[in-house]
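The values are calculated or read from the model by the stated rules, or taken from the named source; none is laboratory data. Predicted model, so just to flag it, every value in this text is computed and none were measured. Note: ideal-geometry Cβ built from the backbone for every residue, glycine included; neighbour counts use all protein chains shown.
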Amino acid sequence: MPSLKELKGRINSVKSTQKITKAKQMVAAAKLRRAQAAAEAARPYQERLTSVMASLAGKVSGDSAPKLLAGTGSDQRHLLVVVNTDKGLCGGLNSNIVKAAKSKAQELLGQGKTVEFYLVGKKGRAPIKRDHAERIGRHFDTSNVKTPGFEEADAIASELIEMYEDGKYDIAHLIFPVFKTALSQDPTVNQLIPVPSPEAGETDGKADAGAMVEYEPGEEEILEELLPRYVKTQLFGALLEREASEQGASMTAMDNATRNAGDLINKLTIQYNRSRQAAITTELIEIIAGAEAL
């Protein structure tokens, strides 16, 4: 049984930890408001750009279609762009993203495809390296900036497009968390390059609206400009969703840690009081026994 001094030291240590987790929870809550607002503000632009891309892509086909839309004609080599956080203490967020990435990799490998990883953020490198060390191609470090923004998304997109044009891969998939609530951040896998064509239902639903639009210059020239912007926008949105998801998961994790620390303090305090009472009782018994002996 631990001594009273040891119990008191453990109580003080847990109280110090509780203060830290409480402070981190408050910081995450303050950052979450800004990160959530930024992520939600970017979604309408992404949706509208996707709608415009669908309208244009439905009118361009064959040899006139840009390579970012038409593809390489093969689907053998796949690049998985995995967006993780740079900091820990955010619950199971990174492990869920890594799990989704590994699941997608296993699915592609099971089909006989070639898989390579492009890692954004630091926290996903070690767990992916354990199983796919030879498949990690490149990584992009976002830890040197306070909040990754469009400049970082532009740099990532430029590198991915350059790799695509150099024939390094055929299809790129973007794996990132989508912020729902502070308790829920869902890992999502989307095809990034080549830009996915609109679904048949979407094309049919926009046929009447698209028939009334005339583009100047032509659709091919507009797509040449919009396709890289679309890739950058998707990556920018993924970085914003990552920031919101990180702060939400961190706030929830620190809240749980604070509660657990409080429960542990209560248990240790009860144990300390019982041990102290037992020591006092033992001393009283010894004093009374000594007095009776005299």
For segment 113-126, check the following and say yes or no: at least one residue is under 19 Å from the mean Cα position of the chain (by Cα), at pLDDT below 85 and assigned to a helix (DSSP H, G or I).
yes
Kindly provide the set of residues from segment 138-170 that are under 18 Å from GLU224 (Cα atoms) and β-branched (Val, Ile, Thr), ordered by number.
ILE161
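Is it the case, given these coordinates, that PRO177 is at pLDDT 85 or above, at negative phi and not in a helix (DSSP H, G or I)?
On the way: at pLDDT 85 or above: yes; at negative phi: yes; not in a helix (DSSP H, G or I): yes.
Judged against the criteria, PRO177 is a match.
Report whether or not THR114 is closer than 30 Å to ALA133 by Cα, of a type in the set (S, T, N, Q) and out of contact with any strand residue (DSSP E or B) (no Cβ under 7 Å at 6 or more places or on another chain).
Numbers: closer than 30 Å to ALA133 by Cα: yes; of a type in the set (S, T, N, Q): yes; out of contact with any strand residue (DSSP E or B) (no Cβ under 7 Å at 6 or more places or on another chain): no.
When the stated conditions are applied, THR114 does not pass them.
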Identify, please: which residue in segment 143-174 is in contact with a strand residue (DSSP E or B) (Cβ under 8 Å, 6 or more places away or on another chain) and among the small types (Gly, Ala, Ser) and is, among those, farthest from ARG77 (Cα to Cα)?
ALA155
Kindly indicate whether any position in segment 227-240 is at pLDDT below 80 and surrounded by fewer than 20 Cβ atoms within 10 Å (Cβ to Cβ).
no
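Which one of these is modelled with pLDDT of 85 or more and touching a strand residue (DSSP E or B) at 6+ places or on another chain (Cβ under 8 Å): ALA23, ALA39, ALA28? Give the steps one after another, and end with the answer.
Numbers: ALA23 fails: touching a strand residue (DSSP E or B) at 6+ places or on another chain (Cβ under 8 Å); ALA28 fails: touching a strand residue (DSSP E or B) at 6+ places or on another chain (Cβ under 8 Å).
Going through ALA23, ALA39, ALA28 in turn, the sole match is ALA39.
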Tell me, please, whether a residue that is surrounded by fewer than 16 Cβ atoms within 10 Å (Cβ to Cβ), farther than 11 Å from LEU79 by Cβ, touching a residue at least 40 places away in the same chain (Cβ under 8 Å) and touching a helix residue (DSSP H, G or I) at 6+ places or on another chain (Cβ under 7 Å) can be found in segment 114-125.
no
